[in-house]
1. Which condition from (1) exposed (fewer than 13 other Cβ atoms within 10 Å of the Cβ); (2) modelled with pLDDT of 85 or more is the one that Arg7 breaks?
2. Checking the condition surrounded by 12 or more Cβ atoms within 10 Å (Cβ to Cβ) and either touching a residue at least 40 places away in the same chain (Cβ under 8 Å) or part of a loop (DSSP other than H, G, I, E, B) (or both), which residue from Lys40, Lys51 passes?
3. Residues Ile58, Ile13: which one is part of a loop (DSSP other than H, G, I, E, B), touching a residue at least 12 places away in the same chain (Cβ under 8 Å) and among the aliphatic types (A, V, I, L, M)?
4. Among the residues of segment 68-78, is any within 19 Å of Ile13 (Cα to Cα), charged (D, E, K, R) and at pLDDT 90 or above?
5. Could you grab me the full set of residues in segment 61-85 that are exposed (fewer than 10 other Cβ atoms within 10 Å of the Cβ), in a helix (DSSP H, G or I) and touching a helix residue (DSSP H, G or I) at 6+ places or on another chain (Cβ under 8 Å)?
Amino acid sequence: MNRESGRYKGKRIIQGGRTQVRTVLYMAMMSAMQSNPIFKATYQRLLEAGKPKKVAIIACVRKMVVILNSMLRDGTMWDENMAKN
């Protein structure tokens, strides 16, 4: 949800949707950032670019979902080289 009116631009927040799914994905990413070098590097790169921590985590969650969807589509296992793209 964005808070904008005219020239005013407020903070955007996540609201609505599936709270349980969002919570599970968030916690999965917190664990993945500690053990997976791909997600850890992505998170650090976003922080160095000046992104807030929660924004960086959610961006990594989206990257994880895209990778998992492509793995299901192709019927493949985790490949670190695939995840670097």
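The values are calculated or read from the model by the stated rules, or taken from the named source; none is laboratory data. Since this is a predicted model, take the numbers as computed values, not measurements. Cβ placement follows ideal geometry from the backbone for every residue including glycine, while neighbour counts extend to all protein chains displayed.
1. (2)
2. Values: Lys40 fails: either touching a residue at least 40 places away in the same chain (Cβ under 8 Å) or part of a loop (DSSP other than H, G, I, E, B) (or both).
That would be Lys51, the only listed residue that is surrounded by 12 or more Cβ atoms within 10 Å (Cβ to Cβ) and either touching a residue at least 40 places away in the same chain (Cβ under 8 Å) or part of a loop (DSSP other than H, G, I, E, B) (or both).
3. Values: Ile58 fails: part of a loop (DSSP other than H, G, I, E, B).
Among Ile58, Ile13, only Ile13 is part of a loop (DSSP other than H, G, I, E, B), touching a residue at least 12 places away in the same chain (Cβ under 8 Å) and among the aliphatic types (A, V, I, L, M).
4. Let us first name the residues in segment 68-78 that are within 19 Å of Ile13 (Cα to Cα), namely none.
There is no residue in segment 68-78 that is within 19 Å of Ile13 (Cα to Cα), charged (D, E, K, R) and at pLDDT 90 or above.
5. Glu80, the sole residue that qualifies.
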